[in-house]
Amino acid sequence: MLKGKDLLSIHDLSVEEVENILDFAAKLKSMQKSGIEHKILAGKTLGMIFEKSSTRTRVSFEVGMYQLGGSALFLSNRDLQLGRGEPIKDTARVLSRYLDGIMIRTFGHDRVIELAKFAEIPIINGLTDLLHPCQVLTDLLTIKEHKGKNLKNLKMAYVGDGNNMTNSYLYGAAKVGMTLSVATPKNYRPDQNVFENAINDAKETGAKLNWVENPIEAVKNADIVVTDTWASMGQEAEHEERKKIFAPYQVNSDLLKHADKNVIVMHCLPAYRGEEITEEVFENNADVIFDEAENRLHTQKAIMALTMAD
Ligand code: CP
Ligand code: NVA
């Protein structure tokens, strides 16, 4: 269903495509745990363009490609002519002649759209300022593992900065029919266009999505609480100012008193302890958080296999 397609945003996927990715990721995970190899991408090469830093995305895509029988090339913008101003549309057409797929992590989402427009091979969004779809698909798999398969019965609360993670959670929750309450300061709400699209997508699944200013209201009876850094990549200069603005949005044990008693806390990482999450809450939820990190591997293997296999 996804063969030859791009994965730029969860919004572009059908409800069935999201289900397929999650089911296939779970299957690939259990195969790997049982020592069963699946070299479905033998002979294929993935290019990985990084215009921002990464630990998880870089390593999980590279290892995932290896496990599927293919190989991956790390392409930093410090080394590519792209970093010296070669147009994306030329880069797209050149790389399409060598590679079988491209994963890109960059700043403006328009760069990914441009790459996909001119490339003849699948493009996978490895994070833009607007969206981080691979991470949110991974989080949905992790929630199924920890909270049961029926995501429709669950309430998630996102607390913090309305950023690329928040936007993708809105799209993800809409596709799986989950309840998602987002709490951010008024001036740091999720992207308005994304919010409207997600509300529209939610009509198909019955997902309930809302924004509130008060974190306690969002967290009330939540089964899952998620947060992310207060200063995303590219916002380093605002970090000190943001620490003050977001202080009331810290995920700490007081806030969690309002959640369901079996609440799990998730974080895409890297985490800034003492800022968006306390050391105590982080360590109490470390098992889930590192399952979440591991699941990047399985989810992205599913995405690569579904988009890139013959
Ligand atoms: N969560 C995530 O995308 O991590 P990296 O920035 O390390 O890739
Ligand atoms: N919102 C964060 C996510 C990091 C994985 C950022 O963009 O830096």
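The values are calculated or read from the model by the stated rules, or taken from the named source; none is laboratory data. Every value quoted in this text rests on a predicted model; they were computed, and no experiment measured them. Neighbour counts are summed over all protein chains in view; Cβ atoms, including those assigned to glycine, are modelled from backbone coordinates with ideal geometry. Accessible surface areas use protein heavy atoms only, side chains included; no ligands, DNA or RNA. Shrake-Rupley method; radii C 1.70, N 1.55, O 1.52, S 1.80 Å.
Between Lys186 and Val63, take the C-beta separation as r, use R0 = 45 Å, and let me know the FRET efficiency to the nearest 0.05. About 0.65, to the nearest 0.05.
Mean residue ellipticity at 222 nm from the helices of the chain, using -39,500 (n - 2.57) per DSSP H segment of n ≥ 4 over the full residue count, to the nearest 500 deg cm²/dmol? Display every interim value, and only then the final one.
Numbers: 12 runs with 137 residues, N = 310.
Value at 222 nm, helices only, nearest 500: -13500 deg cm²/dmol.
Given the pairs Lys52/Lys243; Lys5/Lys152; Lys147/Lys244; Lys147/Lys261, which are separated by over 24 angstrom at their Cα positions? Correct reply: Lys5/Lys152; Lys147/Lys244.
Go through Lys220, Lys244, Lys175 and list them by solvent-accessible area, largest first, probe radius 1.4 Å.
Lys244, Lys220, Lys175
How much of the accessible area of the chain, probe 1.4 Å, is carbon plus sulfur, in whole percent? Roughly 48 percent, rounded to a whole number.
The amide H of Ala207, built 1.01 Å from its N in the peptide plane, has Gly177 as neighbours under 5 Å, considering only residues 5 or more places off or on other chains. Coupling constants for region 107-117 follow from the phi torsions by the Karplus curve (6.51 cos²θ - 1.76 cosθ + 1.60, θ = phi - 60°), and in residue order they are 8, x, 5, 4, 5, 5, 4, 5, 4, 5, 5 Hz; glycine and proline get x.
What do you get for chymotrypsin sites (Phe, Trp or Tyr not before Pro) in region 46-136 restricted to DSSP loop and a cutoff of at most 15 other Cβ within 10 Å of the site's Cβ? If you can, show how the numbers build up before the last one.
Numbers: sites: Phe50, Phe61, Tyr66, Phe74, Tyr98, Phe107, Phe118; in loops: Tyr98, Phe107.
Loop-located and lightly packed - Tyr98, Phe107.
Summary of the geometry: region 271-288 and region 238-269, compared by the centres of their Cα atoms, lie 9 Å apart.
So, with +1 on the Cβ of K and R and -1 on the Cβ of D and E, and no other charges, what is the size of the charge dipole of region 182-252 about its Cα centre, to the nearest 20 debye? I would put it at about 240 debye.
Could you give the length gained by full extension between Lys208 and Ala237, i.e. 0.36 nm per residue of separation minus their alpha carbon distance, to one decimal place?
Roughly 6.9 nm would be gained on extension.
Label reach from Leu73 (point 7 Å along Cα→C-beta): in region 3-39, no amide nitrogen lies under 18 Å.
Length gained on full extension, Glu280 to Ser34: 85.2 nm, using 0.36 nm per residue less the C-alpha separation.
Simple spin-label estimate for Leu80 and Phe290 gives 3.3 nm between the two label positions (7 Å along the Cα-to-Cβ direction from each Cα).
Dipole of the chain computed with +1 at Lys/Arg Cβ and -1 at Asp/Glu Cβ about the Cα centre; of Met103, Tyr158, Ile303, farthest Cα towards the positive end is Ile303. Using a probe of 1.4 angstrom and keeping all protein chains present, the accessible surface of region 236-310 works out to 46 square angstrom per residue. The residues of region 124-188 present an accessible area of 23 Å² per residue when probed at 1.4 Å with all protein chains retained.
Would you mind checking the tilt of helix 133-147 against the longest principal axis of the Cα atoms of the chain, expressed as 0 to 90 degrees and rounded to 10? For helix 133-147, the angle is close to 50 degrees.
For Val251, the residues whose amide H sits under 5 Å from its own are Ile277, Thr278, ignoring neighbours fewer than 5 places away on the same chain, with H placed 1.01 Å from N. Taking Cα centre as origin and charging only the Cβ of basic (Lys, Arg, +1) and acidic (Asp, Glu, -1) residues, the dipole magnitude of region 217-310 rounds to 160 debye. Before anything else, pin down the relative contact order of the chain: Cα pairs under 8 Å, at least 6 apart, normalised by residue count, whole percent. For the chain, the relative contact order is 22 percent.
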